[in-house]
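Engineer: Structure in structure tokens, see below.
The values are calculated or read from the model by the stated rules, or taken from the named source; none is laboratory data. Note that the coordinates shown come from a computational prediction; the quantities given were computed from them, not determined experimentally. Ideal geometry is used to build each Cβ from the backbone, glycine not excepted, and the neighbour counts take in all protein chains shown.
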Amino acid sequence: MHNSSLPTKSSPVLEISASGIGEWTSDDAIRVNDPDWDGTVGDESLIVFGLQQWLDEKNTRRFTEKRCGLVLNGDDDLESIVQDLNLFSLIVIEFPHFTDGRGFSVATQLRERYQYGGPLRASGYLLVDQLSSLQRCGFDSFVFSNQVDAIEAVARLKGFSVAYQPSTSN
């Protein structure tokens with residue numbers, strides 16, 4: 001797993017609200033690979049695994065009653081988690097660089113082929129110019145590892161009035 005772009009727990013998250021407006025919130029996820037994590041989880045904690053961590057630990061008792069999330073990157077095998085998709089309260093797709101477009105394809109596959117209906121977060125090096133396209137692929141929250149203008153990012157979520165390509169919501 002490529003963790004270099006995975007922000008820390010305190011990273012701000014740009015979420016699309018039910019009304020379609022972008023709102024900044026805080027990230028409440030506990031990452032299994034976080035060196036500051038002592039293994040303690042609260043009842044409301046969201047525990048986020050890397051793909052291999054999930055495959056290795058998904059059957060352990062200590063995680064069976066907890067909210068779980070998954071971090072994927074562009075070259076992960078989605079077939080290995082198809083049976084588990086309903087267990088995830090969040091799926092994070094990493095973008096190690098803004099030129100790496102594999103995350104768009106992974107998101108579209110999760111939404112269209114595998115019918116994943118839960119929250120889908122883009123994380124990593126993202127450009128505000130990409131937000132409309134990311135949203136059309138099914139992402140509903142974003143964590144930036146690079147500096148972005150908060151006001152411009154929210155404004156870009158309004159998107160365009162006309163789209164030439166289909167989206168996962170059409």
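Engineer: Any residue at all in segment 106-113 that is more than 21 Å from L78 (Cα to Cα) and surrounded by 15 or more Cβ atoms within 10 Å (Cβ to Cβ)?
Structural biologist: Within segment 106-113, not a single residue is more than 21 Å from L78 (Cα to Cα) and surrounded by 15 or more Cβ atoms within 10 Å (Cβ to Cβ).
Engineer: List pairs: first residue in segment 130-146 and assigned to a strand (DSSP E or B), second residue of a type in the set (S, T, N, Q) and buried (at least 20 other Cβ atoms within 10 Å of the Cβ) anywhere in the structure, Cβ distance under 7 angstrom, at least six positions apart or on different chains.
Structural biologist: Going by the 7 Å Cβ cut-off, the qualifying pairs are V143/S123.
Engineer: Keeping to segment 46-73, report how many residues are in contact with a Lys or Arg (Cβ under 6 Å, 6 or more places away or on another chain) and at pLDDT 85 or above.
Structural biologist: The total comes to 1.
Engineer: Oh, and also: Go through segment 80-105 and give me each residue that's surrounded by 20 or more Cβ atoms within 10 Å (Cβ to Cβ) and over 28 Å from Q147 (Cβ atoms).
Structural biologist: I81, F88
Engineer: Another one. Can you tell me which residue in segment 143-170 is modelled with the lowest pLDDT, limited to those that are over 15 Å from L72 (Cβ atoms) and in contact with a strand residue (DSSP E or B) (Cβ under 7 Å, 6 or more places away or on another chain)?
Structural biologist: Once the filter is applied, the top-ranked residue is L157.
Engineer: Can you name the number of the only condition in (1) within 19 Å of G124 (Cα to Cα); (2) at pLDDT below 75; (3) loosely packed, with under 12 Cβ neighbours inside 10 Å that D43 fails?
Structural biologist: Status for D43: all satisfied but (1).
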